[in-house]
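Read through the structure below, which is laid out as structure tokens, and then see the notes.
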Amino acid sequence: MSDSNPILSSSAQSIEAYQQAIEQSSQAVMQWLQQSEMYQGKSVAELRDNISLNFGQKGLGNEAAIARAVEYFLKDSLSVHHPQCVAHLHCPSLVVSQAAEVLINATNQSMDSWDQSPSATIIEMKLIDWLRTRVGYQSGDAGVFTSGGTQSNLMGLMLARDAFFAAKGHSIQQDGLVGDLRKIRVLCSENAHFSVQKNMALLGLGYQSVIQVKTDDCSRMDLTDLAAKIAHCNANGEQILAIVATAGTTDAGAIDPLRAIAEMAAEQQIWVHVDAAWGGALLMSEKYRDYLDGIELVDSITLDFHKQFFQTISCGAFLLKEARHYELMRYQAAYLNSEFDEEQGVPNLVSKSLQTTRRFDALKLWMSLEALGQEQYAAIIDHGVTLAQEVAVYVQNQNALELVMQPQLASVLFRFRPEHDLNDAAIALLNQKIGDALLDSGRANVGVTEHNGVTCLKLTLLNPTVTLDDVKVLLSLVERTALEILAR
Ligand SMILES: Cc1ncc(COP(=O)(O)O)c(C=O)c1O
């Protein structure tokens, strides 16, 4: 039976229905949290067979719909909080972030105009100001919360593109792309996130505009090669629209030399965007904040809170050093940010965002900062970085494991390497199979990736409750699985 009034509202009936639905859902979550497996281990085919939509002329009602979600979604979800769930930059979430979601969802504020989100708009603006000062920018409100790193990188590249054309007296907003577009370049390291390429394609300049700069032994952008690539572009009549530096590459966690890059770019007046989707967490760190030295010099920054800030998905931010660049994407919509309202000083965030309707994700970070305080936040971030260093030492002492590179943030790249002879292709295949077998068994989710052409396994040790002992258990599971595969 469907409920007679399914809308969340002030009526007693609605409030009761809300309470029941939330209680039923949270009870199910609490039970799910207590299950010991990381994943029930169903295959793609099993899930496809199992899951079907059940839309009828008459609804099932909230209770039955929730029960079905528990059965078909929750029970077969991956436990991201499980100590053996370490494949990706995919964090377990803070309890307070969950509480924030209750408030965000129930109030359903939309961040595109002040009259749709009065207190939320002010909180987000204050948080942007706080993040700016944390980075070392001047206090201000140039920045906005985003859906994550990809969107923040898009904003950085889009504004860099528009500033580049504006300097030549051309408005992209008004007139679109003009000129010899195939000569426009963006430089980033060969380990930069793929969203640089995707975003340049979206921006009309294509993958071809992206030039990859070589990296050093630690996977950081090589400054000599950067200087050579800049010189080569200049000599060829190619124009550099931006340099994207990464603070925390997806696999190795490498942090490019931000200060040196910013200084080199400043000599040529090139926009620098820093993708600090992962490494931005070090803004909170007590021990490792200096890894981000120079970040305050760059034009725009990506931060992502659904990585090592332990927020629920989605939660990211974009920061812009100079507010005047926001003029490049200015649009006045009479129903959201009218001239009249702006003259009255009514704040609006739609003019700072690529999105129109937008969630109040900032609340999660705001409540988390208040709940944890500086010390505890720093501790849970530093934990992963320190643990990765300890795990690296342990891996180096295991005969059958090979450390592929020294960790820089909270990830460890390594591979299983049997003592008897196997060629590189066979070792690569073996490591791939180890990763697949672990997930199939539901016992662990370990990343499989490539580093400098070497297929390796990756532990992304974000979870602050994971200990060295947990990782030792996982590594022995890796070894046992490898031996089982070899014995087949
Ligand atoms: C370095 C880096 N930048 C950007 C992104 C994209 O972030 P999102 O998935 O939030 O869009 C990722 C994702 O892992 C990343 O590792």
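For the stretch 249-256, state whether one or more residues are open to solvent by less than 20 Å² (accessible area, probe 1.4 Å) and away from the ligand (no atom under 14 Å from the Cβ).
The answer is no; no qualifying residue exists.
Could you list, in sequence order, all residues of the stretch 379-404 that are open to solvent by 20 Å² or more (accessible area, probe 1.4 Å), out of contact with any His (no Cβ under 6 Å at 6 or more places or on another chain) and closer than 20 Å to residue 453 by Cβ?
The answer is 402, 403.
Could you tell me how many of the residues in the stretch 16-50 are open to solvent by 90 Å² or more (accessible area, probe 1.4 Å) and over 31 Å from the mean Cα position of the chain (by Cα)?
Final tally of qualifying residues: 4.
Could you list all residues from the stretch 273-298 that are of a type in the set (D, E, K, R) and crowded, with 24+ Cβ neighbours inside 10 Å?
275
Just to be sure, is residue 52 of a type in the set (Ser, Thr, Tyr) and farther than 19 Å from residue 441 by Cα?
Answer is yes for this residue.
Considering only the stretch 412-446, how many residues are within 23 Å of residue 42 (Cβ to Cβ) and touching a helix residue (DSSP H, G or I) at 6+ places or on another chain (Cβ under 7 Å)?
Number satisfying all stated conditions: 8.
Can you name the condition, by its number, that residue 364 falls short on among (1) in the same structural domain as residue 164 (by TED's automatic domain parsing); (2) surrounded by 19 or more Cβ atoms within 10 Å (Cβ to Cβ); (3) among the basic types (Lys, Arg)?
Result: residue 364 passes all but (1).
If I filter the stretch 283-301 for residues that are within 12 Å of the ligand (Cβ to nearest atom), outside any loop (DSSP other than H, G, I, E, B) and either in the same structural domain as residue 249 (by TED's automatic domain parsing) or farther than 22 Å from residue 159 by Cα (or both), do I get at least one hit?
Looking through the stretch 283-301, at least one residue is within 12 Å of the ligand (Cβ to nearest atom), outside any loop (DSSP other than H, G, I, E, B) and either in the same structural domain as residue 249 (by TED's automatic domain parsing) or farther than 22 Å from residue 159 by Cα (or both).
Please work out if residue 265 is buried (at least 24 other Cβ atoms within 10 Å of the Cβ) and in contact with a strand residue (DSSP E or B) (Cβ under 7 Å, 6 or more places away or on another chain).
Spelling it out, it is not the case that residue 265 is buried (at least 24 other Cβ atoms within 10 Å of the Cβ) and in contact with a strand residue (DSSP E or B) (Cβ under 7 Å, 6 or more places away or on another chain).
If residue 63 passes every condition in (1) open to solvent by 50 Å² or more (accessible area, probe 1.4 Å); (2) in contact with a His (Cβ under 6 Å, 6 or more places away or on another chain) but one, which one does it miss?
Just one mismatch for residue 63, condition (2).
Inside the stretch 451-465, can you point out the residues that are more than 17 Å from residue 80 (Cβ to Cβ) and modelled with pLDDT of 95 or more?
455, 456, 457
In the stretch 144-163, which residues are under 13 Å from residue 203 (Cα atoms) and either away from the ligand (no atom under 16 Å from the Cβ) or among the hydrophobic types (A, V, I, L, M, F, W, C) (or both)?
Listed by number, the residues that qualify are 154, 155, 157, 158, 159, 160, 161, 162.
If a residue has to be outside any helix (DSSP H, G or I) and in contact with a helix residue (DSSP H, G or I) (Cβ under 8 Å, 6 or more places away or on another chain) to count, how many in the stretch 361-407 make the cut?
Adding up the residues that qualify gives 8.
Hey, among the residues in the stretch 408-444 that are assigned to a loop (DSSP other than H, G, I, E, B) and open to solvent by 70 Å² or more (accessible area, probe 1.4 Å), which one's nearest to residue 256 (Cα to Cα)?
Among them, the one singled out is 417.
So, of the residues in the stretch 328-347 that are in a loop (DSSP other than H, G, I, E, B) and of a type in the set (A, V, I, L, M), which turns out to be nearest to residue 112 (Cα to Cα)?
336
Return the total of residues in the stretch 70-96 being away from the ligand (no atom under 16 Å from the Cβ) and free of Cβ contacts under 8 Å to residues at least 40 places away in the same chain.
Residues in the stretch 70-96 being away from the ligand (no atom under 16 Å from the Cβ) and free of Cβ contacts under 8 Å to residues at least 40 places away in the same chain: 5 in total.
For residue 307, work out the one condition from (1) more than 15 Å from the ligand (Cβ to nearest atom); (2) open to solvent by 10 Å² or more (accessible area, probe 1.4 Å); (3) closer than 21 Å to residue 378 by Cα it doesn't fulfil.
(1) is the only condition that residue 307 fails.
The values are calculated or read from the model by the stated rules, or taken from the named source; none is laboratory data. The shown structure was predicted, so the numbers you read here are calculated from the model rather than taken from an experiment. No Cβ is skipped: glycine too gets one built from the backbone with ideal geometry, and neighbour counts run over all protein chains shown. Protein only, heavy atoms only, side chains kept; ligands, DNA and RNA dropped before computing areas. Shrake-Rupley method; radii C 1.70, N 1.55, O 1.52, S 1.80 Å.
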